[in-house]
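Reading through the structure tokens given below for one structure.
The values are calculated or read from the model by the stated rules, or taken from the named source; none is laboratory data. Please read all numbers here as calculations on a predicted model, not as lab measurements. Note that each Cβ is placed from the backbone with ideal geometry, even for glycine, and that neighbours are counted across all protein chains shown. Accessible surface is based on the protein model in full, side chains and every heavy atom, while ligands, DNA and RNA are left aside. Shrake-Rupley method; radii C 1.70, N 1.55, O 1.52, S 1.80 Å.
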Amino acid sequence: MNRLQFEKSPYLLQHKDNPVDWYAWGSEALERAVKENKPILLSIGYSSCHWCHVMERESFTDERVAQFMNLHFVNIKLDREERPDLDKIYMDAVVALSGSGGWPLNCFLLPDKRPFYGGTYFPPTSIHQRPSWIQILEYILRIYNDQRAEVEEQAGRLTDFIRNSGNTLLQLAGKPIDDLRSDESIGKRIFSHLKNRFDRTWGGFGGAPKFPATMSQRYLLDYYFYSGDQDAKDHVMHSLTTMARAGIYDQLAGGFARYATDKEWNIPHFEKMLYDNAQLISLYSAAYKLKPSGTFKRVVYETIRWLISDMKSPLGGFYCAIDADSEHVEGKYYVWTVDELVKILSEEEFKLLNESYAIEEEGNWEDPFHPDGLPKNILWVNKEVTESTLDSSELETIKSKLLTVRRQRVPPLTDTKIILSWNALLCLGLLEAFDAFDDDSFLAEALHILQFIDLHLKDKNKFKHQFESNIPPMLDDLAYYITACIHAYRSTGDTVFVDKASAPVTDVLKNYFNPSTKSFSYSISQDDLISSVNDLYDNTMPSASGIMAYNLVQLGRILNRPEWEELGNEIIRNLLGAIIRYPESLSHWASLAINQMYGWMEVKTGYNGFGQKVLRQYMPQLIMHRSDDVEISEISFCHNFSCEMPVKSYEEFRLLLDKHYHTS
């Protein structure tokens, strides 16, 4: 019996009709494996994963393959977004075995949950020296039955590696530096490392596939602010402009695909993730503060409009993702033939569209999996097209027509899970947009998210990882929520958000923090975990440990809790050696380090309108104090480990900031 029919996860429900005897992760499956002494096949993915869909169609719907799996294995399907702690454990195992990872993640476990073999996608037939799925299954069964001692030994080694992997990065970091001010070349060394990977033609870093690398780009903005190195700023502005005009950006509705498969950003992997777009809203808003740009503003407004239209639930929380595939074809929902465009638009409208976007009769993109289909076009902006053309009412009318037709197509699946950490990230993006553009609708939307979290992702003051689930919160759920509350206080001055931010800190320090190693676990200890999990690397989202270090510094200053402030600073210092070595993997940590090195910036204002003006300026990791004394009509500014004399006007504050830093 396929038990996934009883689950709520869209990813698990995608597999409910497979002939495979799937279980969800839980005691029923794990106890059966022990009782029958069978190996566990743990297959991990997520709803918008293209290759997960491919492997399902090719192998998990095959009756012969399913019969073999059902006879010899206990088969478990896991949504990585529901249990990211389990995903991290078994991803570490597969990366240790093969040197790379990804999804679908197929990991083979002993009945006691220890991994001994794994990989990612396996084809239905052997190709390009990659064994077929059935060959892998036969091999696993053979070594499990005939070479059990070696399998047990392998599982032991892998489990020891997983249990010690959390210490590896700290060991690589070397001896902590007690005073970051002793070496101000640190920021330049990190910048030089990133600079070596600049794609100066198309922006971003390296070649294809190309991800936006939002945290690395944010570090460049921070570094420019302190150093004035124009190359750092210029590269971000070039990258963001190029991305906004390319195919990775949905030119009709707004919002970014997860990554581009080419170095020019034009061929997207069409899935759209909430966490990517949340961080890109933040990045474009921050860049706008340094260089007001119609392009950046348009991207922020369009992306927020799309999120509210397509990703917001009726209750107010935001969904996880939109799939790349529709009708089993990647990108089908988004691409156009010339014949379609000609039928929809007038002759003049088609002429303007053709002048504005790279449309070709023979198509500008060939689907590698359906090469015999009609010629398809992805919309990306022609080089010579100006921003004024893109903002013209004529082009807006054309885009509206195309969007209306597109919405009549069979849409890709929306993953309707509502995850606490991802919603908190979007709240941060909306608050950054409010600070940059002073648009009250952005603030209102951000505060609605916090209200949703308080109403629907808490149960008797205990947070939940996701809506309608009893999964305990991961560290990033709590860490991002705390940060969102800190930033809500910064943007509004309402001290209720300080209370909301500080309350979960005690829980985090009690249940997730190891005082002996000065490090955090990613999840609370649970019986179904073979190891504690760490979250030190900045991956698709910033490290929850780094975010907690930031939170401790912020709240330590705001609430006058020096023990929190010092702990946050110590956690950053302890990782500095690794940050210098691996800034691409620790980009948010790098921003924390450079801000600590130059001294955290603090501003204190009253309720006189200064606060919102101050927040329109780019100031990295600003600590904001908002006094409730209406008589205060000055701005106090501390930086570089000292405080300036208070100033009486915003103009004086700008002069003071410009004297020391690079603000435009």
Within region 202-235, which residues are more than 27 Å from ASN640 (Cβ to Cβ), touching a helix residue (DSSP H, G or I) at 6+ places or on another chain (Cβ under 7 Å) and open to solvent by 40 Å² or more (accessible area, probe 1.4 Å)? TRP202
Identify the residue in region 500-556 that is under 18 Å from the mean Cα position of the chain (by Cα) and of a type in the set (Val, Ile, Thr) and, among all such residues, is least open to solvent (accessible area, probe 1.4 Å). ILE547
Examine region 90-102 for a residue that is of a type in the set (Gly, Ala, Ser), out of contact with any Leu (no Cβ under 8 Å at 6 or more places or on another chain) and at pLDDT 95 or above, and state whether such a residue exists. no
Being of a type outside the set (Phe, Trp, Tyr), within 28 Å of the chain's Cα centre (by Cα) and more than 23 Å from ALA321 (Cβ to Cβ) narrows it down to one residue among VAL410, VAL405, VAL381, VAL385; which is it? VAL381
Can you find a residue in region 71-86 that is aliphatic (A, V, I, L, M), out of contact with any helix residue (DSSP H, G or I) (no Cβ under 8 Å at 6 or more places or on another chain) and crowded, with 22+ Cβ neighbours inside 10 Å? yes
Among helices (runs of 4 or more DSSP H) entirely inside region 380-471, those with 3 or more residues being open to solvent by less than 10 Å² (accessible area, probe 1.4 Å) are 393-406, 420-437, 440-456
Looking at region 283-297, which of its residues are out of contact with any His (no Cβ under 9 Å at 6 or more places or on another chain) and either hydrophobic (A, V, I, L, M, F, W, C) or open to solvent by 20 Å² or more (accessible area, probe 1.4 Å) (or both)? LEU283, ALA286, ALA287, TYR288, LYS289, LYS291, PRO292, SER293, GLY294, PHE296, LYS297
From the residues in region 557-572 that are touching a residue at least 60 places away in the same chain (Cβ under 8 Å) and either part of a loop (DSSP other than H, G, I, E, B) or in contact with a helix residue (DSSP H, G or I) (Cβ under 7 Å, 6 or more places away or on another chain) (or both), which one is surrounded by the fewest Cβ atoms within 10 Å (Cβ to Cβ)? LEU559
If VAL342 meets every condition in (1) in contact with a helix residue (DSSP H, G or I) (Cβ under 9 Å, 6 or more places away or on another chain); (2) in contact (Cβ under 8 Å) with a residue 24 or more places away in the chain; (3) part of a helix (DSSP H, G or I) apart from one, which number is that one? (2)
Top-ranked residue in region 27-51 [being part of a helix (DSSP H, G or I) and of a type outside the set (A, V, I, L, M, F, W, C); ranked as most open to solvent (accessible area, probe 1.4 Å)]: LYS35
Do you know which of the residues in region 238-261 that are assigned to a helix (DSSP H, G or I) and open to solvent by less than 10 Å² (accessible area, probe 1.4 Å) is nearest to ARG197 (Cα to Cα)? SER239
